[in-house]
Every structure is written in C-alpha cells, then in structure tokens.
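Notes follow the structure.
The values are calculated or read from the model by the stated rules, or taken from the named source; none is laboratory data. Keep in mind that this is a model prediction, so the values were computed, not measured. Cβ sites come from the backbone with ideal geometry, for glycine too, and all protein chains shown count toward neighbours. Note: accessible area is taken over every heavy atom of the protein model, side chains too, but ligands, DNA and RNA are not part of it. Shrake-Rupley method; radii C 1.70, N 1.55, O 1.52, S 1.80 Å.
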Amino acid sequence: MKDASCPSSPAPLMAAWNTKSQVHLIVGSNPIAAARCAKSIEVGAKPIIIAPETDDMHFTLSEHISNGSAQWIRHEFQDKDLTTLGREEVDHVVDLVFVTLGSNNSLSSHISKLCRRLRIPVNVSDAPQLCSFTLLSTYSDGPLHIGITTSGRGCKLASRLRREIAAFLPQNLGTAIDRLGAVRRRLWEEDNAAGLGDTYDGEDDDTTAQKHTFNNLVTEGDVVAAKTRRVRWLSQICEYWPLRKLVSLTDADMDTILEAYSSGNGTANGTDGLNTPSRKGKIVLAGSGPGHPDLLTRATYNAIHNADLILADKLVPAPVLDLIPRRTEVHIARKFPGNADQAQEEFLQMGLAALNQGRQVLRLKQGDPYLYGRGAEEFEFFRAEGYSPVVLPGITSAMSASLFADIPATHRGVSDQVLVCTGTGRKGAAPNPPTYVPTQTVVFLMALHRISALVESLTSFPAEEAGSQSRILWPKETPCAIVERASCPDQRVIRSTLEHVCLAFEEAGSRPPGLLVVGASCHVLHNPHGQRWVVEEGFHGLDELRSEVDAIGVSLDEKN
Ligand code: SAH
C-alpha cells in the first residue's frame, strides 16, 4: 500500500524471514533488549547479548542466559563482534543486530553504519533513521502470521488494529490452515505421482493473485482439468466459503469430500459434499423478543440468517418469521391446549435428526428462552445427546410489555421490587398467589384466561384458607393493567384496579398474548383519575423511530 501522507517515502518491503538457527546480536541489557531476545528465541534464532558485566541485567534476560537459550558476551560492543560471533557457514558474520541503547548513544549510529556497510540488517530502538528494518506488531495462530506497521506513526494504533483484526478471525483458523495445507500436499503428491504435478504452478506463493482460469468450467473432454478437480475444489472453497465454515471442516469431512471428487463427477452428495453425518451439527436456542422485529438481538438475527433449520414456537411473532430467508426450512410448533407435550417432543426429535445430519439448527422461542419457555429443558435434552446449545437471550415480555405500556417496573418511592410469576401452574393448576407487598410490581404471565380466579385469589381468601393468615391480601384499589400484544401494531393496554379489571377485560374481549401487571407503579405515568378503566389501542413507537433513522440514513447518503 502507498504511504499517502508522505509521498516521498516508498512502502517498506514486508517479508516473512526464515531465521532458524541465525545468530542475532543484541546490544544492551534493558527491557527492550529483553523483548528483542524473546523475539529472537521465538523465531528460532540464537540471541547473543553484548553488555558489560557492570550493567544491570534485566531479569528475563538473566533467565534466558541461565537456561542456555541466550548467550552473554560480557564486554562493551566491539566492531569485531559483528564479524566473529556469527555462524561458521556465513564466515562468522552475525545475521541480524538489535541495538537497544537509544538514539542519543553515539555507539548506536556507529553500529548502524557498520552494519549497513556489512549488509547486516540492523534495528536501533527509538531511532528509525538508524534502522534498516523495523519489527511489526504481529498476530500468530499456528502457521498464520499477520504483521502490521504504521511506519512508525502510531505503535498504539498498530497494536489496536492487530487486536481488532484478530478478533474478527474465527477461532482455530490456524488449525484449519494446517488441515487444508496437509490436504493440498496430499493431493499434490497423488496427482504428481499420476504425472499431473505441473498443474500447480505458482500456487505455493502467498502473494500470487487468483488466476483468470480460476472459475473455468471443467468439461468432460478436459482430462487434465477433470483429474485435478480436487485441487480446483480446494481452491474454490478457500476462496468462497465463509471462514467460519472452513474452520468447522473436520479431517473426516475432508476425506469424504476428496473421496467423492476423485472418483466421480465432481459433486459429493449434492453441492459442497458436506451433507454428511461426519460434520457436527450445531444448535442455537434463542429468544425472539416480545413481538416487534426491531427488538431482536443482533445475535439472534445472525442466527436466523445462518440456520439450516428453524424450529419456531407458535408465539414467535410473524414479523420475526418474515425475516427468515426463503430457502431456510422452518417449522412452527403445533402446540395447542392438551397437545403441548407431544408438540414439544416432536420438535426435539426433529432438531436432533437435523443435528445428526450435521445441520445448523435454530430453536426460536418467544421473549426470552429461559423465562417460562422450557428453555433449560431443551438445553438438557440436546446436551444429553452431545449437542450443547448456544443460548441467546431475548427481550422478555415480562419486562418489556409494562415498559411499552408506560409502566415503570420500579419507581422511586413507589415500587422497589419486581416479581414475575405465572398465572398457570403445571398441568393447568392454579399457583399460590403472592402476598401483598405495597412496593412491589407483580407481572403475571399466562394468566389472562383465568383472570377472574386470579384476581379473586389475590384479593380474598378461599373458605379453606380463611383464618390461616399465611399471606396478606391485595387491596381492591391496587392499580393494575392488562397489556396485550405488546410492541405490536395492535397493542392494547387496559388500565384499571383489581376491583374493576375483570369486568373491563370481559367487555373488551381478549387479544392474546397478554399479561397482567399489578402494583402502584401502574398509575405512575397514567392515572385513570376516577374512571373504572381506560383502554388504549395501538403502538407505533418503533416504526416512527425506524422511519426517522431511515430518513437520517437517506440524508447522509445524499450528502455523500
Ligand atoms: N418466554 C416468554 C414468555 C413465554 S410464556 C417471554 O420471555 O416473554 C407466554 C406468555 O408471555 C403469554 O401468555 C403472555 O402472558 C406473555 N407474552 C408474550 N408475549 C407478549 C406480548 N407481546 N405482550 C404481552 N404479553 C406477552
């Protein structure tokens, strides 16, 4: 790349040197010398430290010296060190010199000049003008090495860039490169033995650009090309496959694919040869939020786009289902009252079958997967089968429905705690009603179909419980709200009190899914002021926000 800020200085030649067994001279004994010494050892060279005995030796240098990985010549630098301490096969000239004495030390420029005369690469710390080479900020993963330089303009920025590039790469990329390299070598050997080795020209050089013949169609008549289609396939996947997919290839995958490509017509099990059980399936268990598609997390959005099979709960909002790419297989749970367990079992088996085929499965649930969503049961099921799910949170209706109805779950001086509970227990039984806490906001999910019984149990004792005083009853004038289809365009909020809410719901009719919020917080922002109830229809907040964002996007685009 050209150095735009300084047109007169050309780009440096960046190269990967093989320094195995070289002799590197390190002049000095300070922390920089210690870092250079460690680098030399890392790259397989033999460091020799030149420093008088009087100098303080950095402790890691002392360690290297005492364990024999570095040698210490105890004297002040002498010119002859450059031509006497090196390897015999290069006439004892040292291979590389690091000077760590700083730019003000006259020895630094002296050594630099000598090195240049002798063609020895030299690096002087903090003195770019005295260097014939500089080190790069590097990232390594097995055989993969990435080096960055800002040409001395910003070391901090170089290391940040290195970190960000590294974070962008998938884990185990180094191992994948090793694996792909081994396969290439194997193919080369086999094809070479068959007299086809000359078809590999120039492919071992990392700098070679893609050849124009890369995508040529292999015709029946083209015998050489047909025989080398395995290599071509390898080049194709290295070029086109997402890195994540490359990294997930196993040795067994490779064997299967190569076997298929060597014997037949160039396709293995369809398109990419990966529909084999040898590839390990993956499962993501994700929450899709309360309704509006903008409330999906980016993680779940990505999972939707990466899945081969999506198993969605019945309550997953339609606008979220609309985001699923058309080619992706989707099933929606056939859950209805009395059939929930069977539908659940059917789904688990469907997911497992897909995983065993090596597919990516997304189990999409409404709201948050671990809040009344049987999420952990499914986790256990898949884990027991050897597929531990990745679990992604979702915005739960328990917290967001009240928010979209302008009910703050906590509010200073009004509510200091939140309780989330279900109105329906196991096998349809009524759960124990919570005791009255004046500063609590209670959210009841799955409760509206039995709202009368629930409110009754909150505000009065049944005959058999009377007198036991095991809990405190909720006063009838406690504020409450029914929030239905929160965050959807047909959202509805009924604000009332425990005394009137059942009648209000009866009159309004139900619009599932919905929940009941109880507590003083319900009237903080909207008080019905003496009315028995108030009904509010509709919700467009997020769409308005979106159109504003879109408008900003457009005006920015126009400016560009
Ligand atoms: N895992 C879900 C809850 C599943 S239980 C979550 O975290 O949100 C299903 C119940 O959630 C419904 O009976 C209803 O009480 C509530 N619910 C789900 N979506 C809702 C919505 N958009 N508005 C109001 N309540 C909702």
Separation in nanometres of the label points that stand 7 Å from Cα toward Cβ, at K427 and E239 = 6.4 nm
Taking every other residue with Cβ under 14 Å from the Cβ of A508 and scoring Lys and Arg +1, Asp and Glu -1, one gets -1
Translational diffusion of the range 23-135, µm² s⁻¹ [Kirkwood Rh, Cα pairs; Stokes-Einstein; 10 °C; 1.306 mPa s] | 116 µm²/s
Compactness of the range 385-435 as Cα Rg over 2.2 N^0.38 Å, two decimals | 1.63
Between D490 and E76, Cβ-based FRET efficiency (R0 60 Å, step 0.05) works out to 0.10
Compare the peptides 127-140, 433-446 by average per-residue count of other Cβ atoms within 10 angstrom and give them in order, highest first.
-> 433-446, 127-140
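Could you give the accessible area per residue of the range 23-135, probe 1.4 Å, as a whole number in Å²?
Result: 51 Å² of accessible area for each residue.
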Of K39/K113; K46/K80; K156/K245; K46/K113, which sit over 28 Å apart, Cα to Cα?
-> K156/K245
Find the centroid of the Cα atoms in the range 99-167 and in the range 293-333, then give the distance between the two in whole Å.
-> 50 Å
Point-to-point label distance, L107-V437, nm (Cα→Cβ direction, 7 Å offset) = 7.2 nm
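If you count, for each residue, the other Cβ atoms within 10 Å and average over each peptide, how do 401-412, 469-480 line up from highest to lowest?
Ranked by mean Cβ neighbours within 10 Å, highest first: 401-412, 469-480.
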Gyration tensor on Cα atoms of the range 387-515, a ≥ b ≥ c root eigenvalues, a/c under 1.5 rounded, else prolate if a/b beats b/c, else oblate, says rounded
Over the range 398-542, give the accessible area per residue in Å² for a 1.4 Å probe, as an integer.
-> 49 Å²
Efficiency of FRET from Cβ geometry, S9 and E164, R₀ 30 Å, rounded to 0.05 | 0.75
FRET efficiency for N67 and F133, Cβ-Cβ distance as r, R0 = 25 Å, nearest 0.05?
-> 0.35
Between the residues V90, L135, H145, the Cα farthest towards the positive end of the dipole of the range 78-193, that dipole coming from +1 and -1 charges on the beta-carbon of Lys, Arg, Asp and Glu, is from L135
Hey, rough spin-label estimate for Q417 and L321, points 7 angstrom out along Cα→Cβ, what's it come to in nanometres?
-> 4.0 nm
1.4 Å probe accessible area per residue over the range 306-387, in Å² | 51 Å²
Cα-centred dipole magnitude for the range 23-135, charges only on beta-carbon of K, R (+1) and D, E (-1), debye, nearest 20 = 360 debye
